[in-house]
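Colleague: To start, I am sharing the structure in question, which I have written as structure tokens.
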């Protein structure tokens, strides 16, 4: 059965979750362009795939497990460029003072993808957090990681023209 562009794009977005949760950062080559622009909010930003992979390897090494679940994918296509908006729920588990502890956050990915000779790749990703709960100490796993999270409402971000997908979807 042939796979259409929508399915290929959703597979790329979902592969990110697998790559992070399985610590297979070499898969970032199949997910992101080399010159990726990633904005995770709170000053966490990257402008190249190699740095993103290196930092994610270090950050995620301290967790006993992570689980990133994406859903509600909405895709718009315009030739060799696409937008994919999806929701994410992420869980992080590690021991805090010898006790298994959990932190969970929800939010969204606002992705711009381009078609390359090797398939669809994310060129630009903006991530925003809507909510979080659990033990914040789980996320204080590394020096310099800001856990004073700013929470966002999608309607406010759309009203402020801060969601790429909204501009394309109308």
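Colleague: 222 nm [θ] for the chain, helices only, -39500 (n - 2.57) per DSSP H run of 4+, per residue, to 500?
Modeller: Rounded to the nearest 500, the figure is -7000 deg cm²/dmol.
Colleague: Starting from the Cα of residue 149, step 7 Å along the direction of its Cβ; do the same at residue 89; then give the gap between the two resulting points in nm.
Modeller: 1.4 nm
Colleague: In nanometres, what is the gap between the two model label sites at residue 131 and residue 118, each 7 Å from Cα along Cα-to-Cβ?
Modeller: Output for this residue pair reads 3.8 nm.
Colleague: Next up: Where is the GNM fluctuation largest for the chain (alpha-carbon springs, 10 angstrom cutoff): 151, 15, 52?
Modeller: Judging by the Gaussian network model, the answer is 151.
Colleague: Calculate, in nm to one decimal, what residue 74 and residue 6 gain on full extension: separation in residues at 0.36 nm each, minus their alpha carbon distance.
Modeller: Gain in length upon complete extension: 23.6 nm.
Colleague: Given the options 146, 21, 124, which has the most mean-square fluctuation in a GNM of the chain, springs set between C-alpha atoms less than 10 angstrom apart?
Modeller: Comparing 146, 21, 124 in the GNM, the peak value goes to 146.
Colleague: Also, quick follow-up: Rounding to the nearest 10 and keeping the result within 0 to 90°, find how far the Cα-based axis of helix 49-60 lies from the longest principal axis of the chain.
Modeller: Relative to the chain, helix 49-60 is tipped by roughly 30 degrees.
Colleague: Would you mind telling me which residue in 91, 128, 137 has the biggest mean-square fluctuation in a Gaussian network model of the chain, where springs connect alpha carbons within a distance under 10 angstrom?
Modeller: Looking only at 91, 128, 137, the largest GNM fluctuation is found for 137.
Colleague: Name the shape class, rounded, prolate or oblate, that the alpha-carbon gyration tensor gives for the range 78-140, where a ≥ b ≥ c are the square roots of its eigenvalues, rounded holds for a/c under 1.5, and otherwise prolate holds if a/b is larger than b/c and oblate otherwise.
Modeller: Since a/c reaches 1.5 and a/b is larger than b/c, the shape of the range 78-140 is classed as prolate.
Colleague: Sticking with this one: Averaging sequence separations of C-alpha pairs under 8 Å and six or more residues apart, then dividing by the length of the chain, give the relative contact order as a whole percent.
Modeller: 20 percent
We did not get these values from a lab; they are worked out from the coordinates using the rules stated. Model, not experiment: these values are computed from the prediction. Using ideal geometry, Cβ is built from the backbone for each residue, glycine included, and neighbour counts are taken over all protein chains shown.
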